[in-house]
Amino acid sequence: MTLLERLYEAAAPRLCGKRVQDVRIGSHLVGVLLDSGEFGAAYALPGERQTPEPVFPDPARYVGMPAVELAAGLKQEDLVARALGMAAANAVARPEPGHCLEDPDALTTVPVRPADTVGLVGFIRSIHRRIEGRVNRIIVFDRSLDGEPGISPEEQQPELLPLCDVVFVTGSAVTNGTLEAVLPWCRRARDIVVIGPSTPLYPEAFAGTGVTVIAGATWPPEHHQAALAGIGAGKRFHDMHGLTRRWALRVG
């Protein structure tokens, strides 16, 4: 069973009996509001699309759909369907006290050391900014920035990721299905952290994968309408970080 299939299996029981109340499909994010009052969002994978100006489906087509049916998009190849499925799963993620770490900041939870080589799968700017100059080496992979200075070619992952002591992987690697290909190359890493607001907070789905920490976010009810409006207006996660609550969960 793939990781996306495990995520669907973990989320499906929580989604049964619920329906989609509202959907936003933005240029960077998608958001799903359920009739239970729960809300989730996910990265819309703009860097993965074949055309720069894709035609998105009408969000109204999803209103009233059983939430578990929308989440089944996690098992499809279509990127919009998969992103919407991730948003639906994120809407019902419930971080459990037994897994929650005291500090939701993944860089405090997973400290880096001066001698470390740190890998970033996805150019996570906030992480890069905070560790630059504090570690021995940073190796960055990001297919949407391929060819730019400081970005290592994706085909070098099998060679370079085994050198890393800590690896941070963007949550979008779960949605686009590339995380599982990367993990076997991170065999030296003492910590593998999946991080970003769209990271699905289901520790049970990551058990046995090698991932040690998942760091993501939930959206308090009082911010749901602002989040929907922001997503529809084309905002990114960093434009709306004040609307979220951050979590860091230990896997296993």
- Message: Could you check segment 121-133 and list, in sequence order, the residues that are over 13 Å from Thr170 (Cα atoms) and in contact with a strand residue (DSSP E or B) (Cβ under 9 Å, 6 or more places away or on another chain)?
- Response: Ile131, Glu132
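Each row is one residue, and each column tells you yes or no for (1) without any contact (Cβ under 8 Å) to a residue 24 or more places away in the chain; (2) aromatic (Phe, Trp, Tyr); (3) at negative phi; (4) out of contact with any Asp or Glu (no Cβ under 9 Å at 6 or more places or on another chain).
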site: Arg6; (1), (2), (3), (4): no, no, yes, no
site: Arg24; (1), (2), (3), (4): no, no, yes, yes
site: Ala41; (1), (2), (3), (4): no, no, yes, yes
site: Ala89; (1), (2), (3), (4): no, no, yes, yes
site: Val92; (1), (2), (3), (4): no, no, yes, no
site: Pro95; (1), (2), (3), (4): no, no, yes, yes
site: Glu102; (1), (2), (3), (4): yes, no, yes, yes
- Hey, does segment 36-57 have a residue that's in a helix (DSSP H, G or I) and modelled with pLDDT of 90 or more? no
- Message: Checking Val92 against (1) in contact with a Leu (Cβ under 7 Å, 6 or more places away or on another chain); (2) closer than 29 Å to Leu228 by Cα; (3) open to solvent by 20 Å² or more (accessible area, probe 1.4 Å); (4) not basic (Lys, Arg), only one condition comes out false. Which one?
- Response: (3)
- Query: Just wondering, is there one or more residues in segment 146-161 that are in a helix (DSSP H, G or I), in contact (Cβ under 8 Å) with a residue 40 or more places away in the chain and farther than 14 Å from Phe206 by Cβ?
  - Reply: yes
- Here the residues within segment 113-137 that are of a type in the set (Val, Ile, Thr), within 15 Å of Val193 (Cα to Cα) and out of contact with any Cys (no Cβ under 6 Å at 6 or more places or on another chain) are Val118, Val121, Ile124, Ile127, Ile131
- Message: Looking only at residues that are open to solvent by 20 Å² or more (accessible area, probe 1.4 Å) and at negative phi in segment 163-182, which one is farthest from the chain's Cα centre (by Cα)?
- Response: Leu163
- Task: Only helices (runs of 4 or more DSSP H) wholly contained in segment 61-141 count here; list those with 2 or more residues that are farther than 25 Å from Leu4 by Cβ.
- Result: 106-109, 125-131
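The values are calculated or read from the model by the stated rules, or taken from the named source; none is laboratory data. Since the structure is predicted, the reported quantities are computational estimates derived from the model, not experimental observations. As a convention, Cβ positions derive from the backbone with ideal geometry for all residues, glycine included, and neighbour counts pool all protein chains shown. Ligands, DNA and RNA are stripped out before the accessible areas are found, and what is left, the full protein with its side chains, is counted by its heavy atoms. Shrake-Rupley method; radii C 1.70, N 1.55, O 1.52, S 1.80 Å.
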